[in-house]
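Engineer: Once you've had a glance at the structure underneath, I'll fire off some questions.
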Amino acid sequence: PGVLRDGFVTSIWQKMVRFNLDGLEVFFPYPRIYLEQHQYMRSLKQALDAGGHCLLEMPTGTGKTVSLLSLITSYQYANPSAGKLVYCTRTVPEMNSVMEELATVLAYRSEELQKQEMENTQQSADIEDMGANGGQQAAGKESSGSCPQRKKARRVYSAKNKSKKPAMGPIIDGRGAGGSGILALCLSSRRNMCVHERVMAESDREAVDSACRDMTSTWVLDAAQKNPGSVETCSYYDNFQAAGESTTMPSGVYDLEELQKWGKQRGWCPYYLTRQAINHANILVYNYQYMLDPKVAKMVSKELESETILVFDEAHNIDSVCIEALSVTINDRGLEQATRSLGRLSSEVSRLKASDSQRLQQEYQNLVNGLIDQGLLDAPANDSALASNVLNPDVLSEAVPGNIRRAEHFIGFMKKVVEHLKARLRSVAGPNGGVRSETPLAFLHRMTNGTSLEAKPLRFAYSRLSSLLRTLQVSNLDDFNALTDVADFASLLATYSEGIAKFAIVMEPNGSNIPGATDPVIQLACLDSSLAIAPLFKRFGSVIITSGTLSPIDLYPKLLQFEPCVSESLSMSTFRPCIRPLVITRGSDQLNVSTRYEDRGDMGVIRNYGAMLVELCSSIPDGIVAFFTSYSYMESLISEWDALGILRELTKSKLVFIETKDVVETTLALDNYRRACDCGRGAVFLSVARGKVSEGINFDRHYGRAVIMFGVPFQYTLSHVLRARLEYLQTHYQIREQDFLNFDALRQASQCVGRVIRSKTDYGLMIFADSRYNRYDKRSKLPKWILQFMNDAYLNLSTDMAIGHVKHFLRLMGQPIDQEALQSVLLTMEEAEKLNPAPTQPASSAPGEGGAMAVDSAA
């Protein structure tokens, strides 16, 4: 008998797996290992040995995270010269999950090393005794005195222990975490790390940041020191600063909860403590933005060494994250706010001139010396107001142009920029307006001609604004968000206007999603996703991009402009067909169903989709999740279903919950959905591809026995920003428009249906309800681990035929799990050792080398 945890069966009588992988000793904290995990770790080791980048797709629910952490931490232990591990996730729950798995891996390694040390010590003692007293006496002592020690050394994790959350926080046994003194930290925003009661009471992230700066900025601390009690400061930050060099953290694994607990115990600020400890940590876990967004990365990740191993997990949308990091949108409301902010800055400058003109003069002198010399890049962490979004290092090494050095001149300069943008928006929204698209060079040319401004000072707008806000000692930066967007727009525009146009300026008379509302916008859209991530490929030796849904994997090297030394998509080893993908192309009346633009409004399609959902809900127990292509389409379908009485029929078999754009409402709906599944009533959750539910929420076990994908989730193809990007990809990377659209739509569909399976013993239905999925060019872009279950018998089905397959699948999966069959897909330590390829190099080669070329043939 065993206990199932995350797809692994842990038995009380089995040892954990510690095996040799091509010369590397890997500490794997579970009794057995899946074949795909072994293949995944081997591919990872290939990339690390070669010092190159890799793309790896591994099926969801097969232990990707533990495989990655086991291999890399073992590699770090065997190769002390290897850099730290930086693990990038998308959400805070994912971050906490990674830290928990990491604690398990390091605890197992520590125990194994301790056991090995005790055995070595005992062997040494035995040899000494044998030399001193003769072989027979030594043997007698071994049988009588050393057995209890050996028994203690062989203690391993039991199923009971494995089911508990591993120990977090500092490790005080002398060896530290992992048996080698590892320090593993995670970093998030102030809102998730702060322990100050008043700051924690704030409602949102911006308010928390502002309240924190109000109590920790340098000028606030100076005022408090000169006149104690005159201003409120943070006791945690004060204690942290007072402790100075003694604010070191002992070895251990610290998730957000442990960091807050440790900070409270010491009276130190967890956020700034973690920021300071980053350079000393061996393993860091934080959000994508800390690496990909230049504004954040320059404050957090600038001191990471080139040997760092960088991992992007769940990276199927990494190209979109890169583009968003360098794109700016400006509307009328924002420009009005920017005008008010400039007026406020002007008043502050006038006040400062009268009261402390020396401060402005000092800033002017610093700007003459250049941005680096004036300390913008090396400002104290508590003063880090704004960091430039510009990647070009030339801008940062130059002196700020003379016409914006003085504060009042810079404010006048920015007023002209804002007025010009207002004029462009009025022309777009006017009677002779309409959608316009320009290159950055053309837009810059019109701006300089219309305002008599020079292009060079625009490149410094963002950094100059940051300097001014620091000089004026502004803590509440959120009041200046609109102005910083304008400065960011100007800096990016001027910096990237030369050469190949990697940005597009798109002006639209109505950028609002609300019908009837007019909201003219100017968008500076980044077209090249490689622009944000290229510095990381150059700076770090190994960048690992991994996810369960990277297919088609060959498009990522083109989009991100890099050459992976390893690129692999793995299949799933199974003991039963736990996934049943079905392609429904017709309703019960044999009418084709599809969400293509010309068909989606057809009443026959709407009625067939509704009848399909009702029949599936009547046949499938527990929870069902249905994904639609967009919010507007979901709303229109629900409205029609209500008029046709379909919703009433649906509620007879299951409760209905709906995802909305409001995060709080959706979270509440998810909680109630799970409660309905837990109590046996069953529920159906109607949600949207590319929404919150499709990305970070798992519907394992009874929470998701089926996922229905209504339609193919293409992007809105009439979007002018998307059209500009498609043209750029076609022109510069030879990626055809239809290829990219299919790739993007199918990875989103894969991400949606992948929510249904989270372990080997889990099972679920993946229903693709659109006739276009029957085409080879569409379904062939699904991940390899889904296609391996997609037989011809499951294609081109009507609703009635699909219901027959559903009932047969549920009967099959309802049988008790065959434990012997389950064990057949789990490799023992001996079986894992046998998978090592035959040596292709002399035995004298160093551990961690060799075997790379033999892997593919063996795998």
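The values are calculated or read from the model by the stated rules, or taken from the named source; none is laboratory data. Since this is a predicted model, take the numbers as computed values, not measurements. Positions of Cβ are backbone-derived with ideal geometry, glycine not excepted, and every protein chain shown enters the neighbour counts. These area figures cover heavy atoms from the full protein model, side chains too; ligands, DNA and RNA do not enter into them. Shrake-Rupley method; radii C 1.70, N 1.55, O 1.52, S 1.80 Å.
Engineer: What's the percent breakdown of Cα-Cα distances in the range 482-544 across 5 Å bins, shortest bin first?
Structural biologist: 4, 14, 16, 19, 16, 13, 9, 5, 3, 1, 0
Engineer: Size of the dipole of the range 739-795 about the Cα centre, Lys and Arg at +1 and Asp and Glu at -1 on the beta carbon, nothing else charged, in debye to 20?
Structural biologist: Using only the charged Cβ atoms, the result is roughly 140 debye.
Engineer: Of the heavy-atom accessible surface of the chain (probe 1.4 angstrom), what whole percent is carbon and sulfur?
Structural biologist: Heavy-atom surface of the chain belonging to carbon and sulfur, 1.4 Å probe: 50 percent.
Engineer: When the Cα centres of the range 505-579 and the range 646-693 are compared, how far apart do they sit, in Å?
Structural biologist: For the range 505-579 versus the range 646-693, the Cα centre distance is 29 Å.
Engineer: Just to make sure I understand: if all protein chains stay in place, what is the order of Lys502, Lys834 by accessible area at 1.4 Å, largest first?
Structural biologist: Lys834, Lys502
Engineer: Now a separate question. What number in nm² do you get for the range 406-482 if you take the convex hull of its Cα atoms and divide its surface by four?
Structural biologist: 6.2 nm²
Engineer: Just name one of Ile553, Leu650, Gln823: the one whose Cα is farthest towards the positive end of the charge dipole of the chain (beta-carbon charges, Lys/Arg +1, Asp/Glu -1).
Structural biologist: Of Ile553, Leu650, Gln823, it is Leu650.
Engineer: How much of Trp641 can a 1.4 Å solvent probe reach, expressed as accessible area in Å² and rounded to 10?
Structural biologist: Ignoring ligands and nucleic acids, Trp641 comes out at about 0 Å².
Engineer: Also: Quick check on packing: order 198-210, 606-618, 37-49, 328-340 by the mean number of other C-beta atoms within 10 Å, highest mean leading.
Structural biologist: The packing order, highest mean first, is 37-49, 606-618, 328-340, 198-210.
Engineer: Give me the orientation-averaged projected area of the Cα convex hull of the range 286-344, in nm², one decimal.
Structural biologist: For the Cα atoms of the range 286-344, the hull's average projected area reads 6.1 nm².
Engineer: Just going by the charge dipole of the chain, with Lys and Arg at +1 and Asp and Glu at -1 on Cβ, which of Ala338, His38, Gly51 is farthest out on the positive end?
Structural biologist: It is Ala338.
Engineer: Which value, in debye to the nearest 20, describes the size of the charge dipole of the chain about its Cα centre when Lys and Arg Cβ atoms bear +1, Asp and Glu Cβ atoms bear -1, and nothing else is charged?
Structural biologist: Using Cβ point charges on Lys, Arg, Asp and Glu, the chain gives about 920 debye.
Engineer: At 1.4 Å probe size, put Lys538, Lys654 in order of accessible surface, largest to smallest.
Structural biologist: Lys538, Lys654
Engineer: Taking the Cα centre of the range 23-116 as the origin, how large is its charge dipole in debye, to the nearest 20, when only Lys and Arg (+1) and Asp and Glu (-1) carry charge on their Cβ atoms?
Structural biologist: In total the dipole reaches around 80 debye.
Engineer: How are the Cα pair distances of the range 634-736 distributed, in percent, across 10 Å bins from 0?
Structural biologist: Once binned at 10 Å, the Cα pair distances of the range 634-736 give 12, 35, 29, 14, 9, 1.
Engineer: For the chain, just say rounded, prolate or oblate: build the C-alpha gyration tensor, square-root its eigenvalues into a ≥ b ≥ c, call rounded for a/c under 1.5, and beyond that prolate if a/b exceeds b/c, oblate if not.
Structural biologist: The shape class here is oblate.
Engineer: What whole-number value in cubic angstrom gives the convex hull volume per residue for the C-alpha atoms of the range 787-836?
Structural biologist: 98 Å³
Engineer: OK, next. Per residue, how much accessible area does the range 702-811 have with a 1.4 Å probe, in Å²?
Structural biologist: That works out to 35 Å² for each residue.
Engineer: Between beta-carbons, use under 15 Å as the cut-off and find the net charge around Arg539, counting Lys and Arg +1, Asp and Glu -1.
Structural biologist: Net of charged neighbours comes to +1.
Engineer: Rounded to two decimal places and with Rh computed the Kirkwood way over Cα pairs, what is Rg over Rh for the range 472-602?
Structural biologist: 1.11
Engineer: Among Gln361, Pro250, Phe714, which residue has its Cα positioned farthest towards the positive end of the charge dipole of the chain, with +1 placed on the Cβ of Lys and Arg, -1 on the Cβ of Asp and Glu, and the dipole taken about the Cα centre?
Structural biologist: Looking along the dipole axis, the top candidate is Phe714.
Engineer: Along each principal axis of its Cα atoms, how long is the range 722-783 end to end? Whole angstroms, biggest number first, please.
Structural biologist: Principal axes ranked by extent give 47, 24, 16 Å for the Cα atoms.
Engineer: A follow-up question, please. Which order do you get for His280, His808 if you rank them by accessible area with a 1.4 Å probe, largest at the top?
Structural biologist: From most accessible down to least: His280, His808.
Engineer: Now a separate question. Does the range 654-813 classify as rounded, prolate or oblate by the C-alpha gyration tensor (a ≥ b ≥ c root eigenvalues; a/c under 1.5 gives rounded; else a/b over b/c gives prolate, otherwise oblate)?
Structural biologist: Because a/c hits 1.5 or more and a/b fails to exceed b/c, the range 654-813 counts as oblate.
Engineer: Helix-only estimate, please: 222 nm mean residue ellipticity of the chain, summing -39500 (n - 2.57) across DSSP H runs of length 4 or more and dividing by its residues, to the nearest 500.
Structural biologist: -15000 deg cm²/dmol
Engineer: Could you sort 767-779, 20-32 so that the peptide with the highest average Cβ count within 10 Å comes first and the rest follow in order?
Structural biologist: Packing order, densest peptide first, comes out as 20-32, 767-779.
Engineer: Let me ask another. Mind pulling the per residue volume of the convex hull built on the Cα atoms of the range 565-662? Å³ is fine.
Structural biologist: With only Cα atoms used, the range 565-662 gives 191 Å³ per residue.
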